[in-house]
1. Please report the net charge: other residues with Cβ closer than 15 Å to the Cβ of Met31, K and R +1, D and E -1.
2. Take peptides 175-181, 127-133 and line them up by average Cβ neighbours within 10 Å, highest first, as a rough protection proxy.
3. Report the normalised scattering of the chain as log10 I(q)/I(0) at q = 0.09, 0.10, 0.14 Å⁻¹, calculated by the Debye formula with identical scatterers on the alpha carbons.
4. How much accessible surface area, in Å² rounded to 10, belongs to the heavy atoms of Ile37 with a 1.4 Å probe?
5. Given +1 on the Cβ of Lys and Arg, -1 on the Cβ of Asp and Glu, and no further charges, what dipole in debye does region 269-385 carry about its Cα centre, rounded to the nearest 20?
6. Please compute the net charge surrounding Ala350, taking Lys and Arg as +1 and Asp and Glu as -1 over other residues with Cβ under 13 Å from its Cβ.
7. Putting +1 on Lys and Arg Cβ atoms and -1 on Asp and Glu Cβ atoms, find which of Pro349, Pro231, Ala275 reaches farthest to the positive end of the dipole of region 210-360.
8. Assuming R0 = 25 Å, can you tell me the calculated FRET efficiency for the pair Glu311 and Ala372, based on Cβ-Cβ distance, to the nearest 0.05?
Amino acid sequence: MFSDDLTEELDRLRREHLFRRIEDRGPARSMQRPSRISLGGREYINFASNDYLGLSLHPALGDAAKQAVDTYGFGAGASRLLAGGTEAHAELERAIARFKGAERALLFNSGYTANLSAIPALAREGDVLFSDELNHASIIDGCRLSRARVVVYRHRDMDHLDALLKREKGRRSIIITDSVFSMDGDIAPLPELCSLCRTHGALLYIDDAHGTGVLGTGRGALAHFGIPAAPWIVQMGTFSKAFGSFGAFIAAGSDCIEWLINTARGFIFSTALPAAAAAASHAALSLVEERADLVAALWRNREALVRGVQEQGFDILQSETPIVPVVVGDLAMTVQCAEALRKRGVYAPAIRPPTVRVARLRVTVTAAHEPADIDALLESLGRFR
Ligand SMILES: *Cc1c(COP(=O)(O)O)cnc(C)c1O
């Protein structure tokens, strides 16, 4: 029976310590402290958030959202092609295109939807998608949904990718990569990827979910490397991480955007984002542009945390960003460490195989952490040395 199967499978997940459960936050105790999280009535220092600049609690976002609700109401009522969008959507698209140096941009309802919709829209049958083995699940799923062939290359291995590209010579190719890899916090070698794209006439599709608002004074991975936008580069990003809002975008050449408007199914067949989300994202974008100190504080905190963790002798793998994997030992030790941190008021979850190869704590540091927060994490970690 179907339900017996499920019960059995769930038991297996529990036995293998792979069972996931939802934990929902209580109300923020202070709008001034986005580094805190309320769980089960207790407050923790949060080292698990993608709210890199602490913008989710910023009054400018809430105010923009409230004003948009007063202007447009809440629900969009229809898809963009049936006028569910508003001037707030269009203004955000113009602003994010300018911010990313691209000709145009298009909003999607989430980063997950963007990858699931845009990748199959861009890759035709007979094309080849080259995907880094550590790409995000939404890219993997987007590739699976497309009718193109999917070729996975070893993580950041340009020689491997080059050899694979040569093998598929003559086919239309798209190289797809996370800019910042979401579990290891390392950065894709975009200059080398660009030169491979030029050599092989391929399109480059960058998932800049963890780069936008973080790298390149906030503009993202291309700016980090000083690479100008080009019609053969597609930049996907989300408003849900460093921008503290919700929704996602693709910034690219005009033809590419027109094509997505006409063919991307997750864009065509889904209700537009609420105007309030677009307005809040726009407020966040303005803050990132005006407040260079926010991104600077994020990187200062990142350096302080990494220095402390390395002084204690922990391996942080290849991390180059505010995503810092901390390898504390085997799986049992990692889980024990996460539990001990939690008892001491520090929230930094263990990530275990098969999600990653090496069990680790996945620590994300933000601009909102205070020096004492980082000290608290280091002190608790020190007990596991
Ligand atoms: C979070 C994430 C997404 C999904 O974005 P959402 O807006 O949360 O749906 C896509 N790609 C990467 C690399 C991510 O980290």
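1. +2
2. Descending mean neighbour count gives 175-181, 127-133.
3. -0.55, -0.69, -1.30
4. Surface open to solvent at Ile37 totals about 20 Å².
5. 480 debye
6. Around Ala350, the surrounding residues sum to +3.
7. In region 210-360, that residue is Pro349.
8. 0.90
The values are calculated or read from the model by the stated rules, or taken from the named source; none is laboratory data. Predicted, not measured: the structure shown is a model, and the values here were computed from it. Ideal geometry is used to build each Cβ from the backbone, glycine not excepted, and the neighbour counts take in all protein chains shown. The protein model used for the area step is the full one, side chains on, heavy atoms only, and it has no ligands, DNA or RNA in it. Shrake-Rupley method; radii C 1.70, N 1.55, O 1.52, S 1.80 Å.
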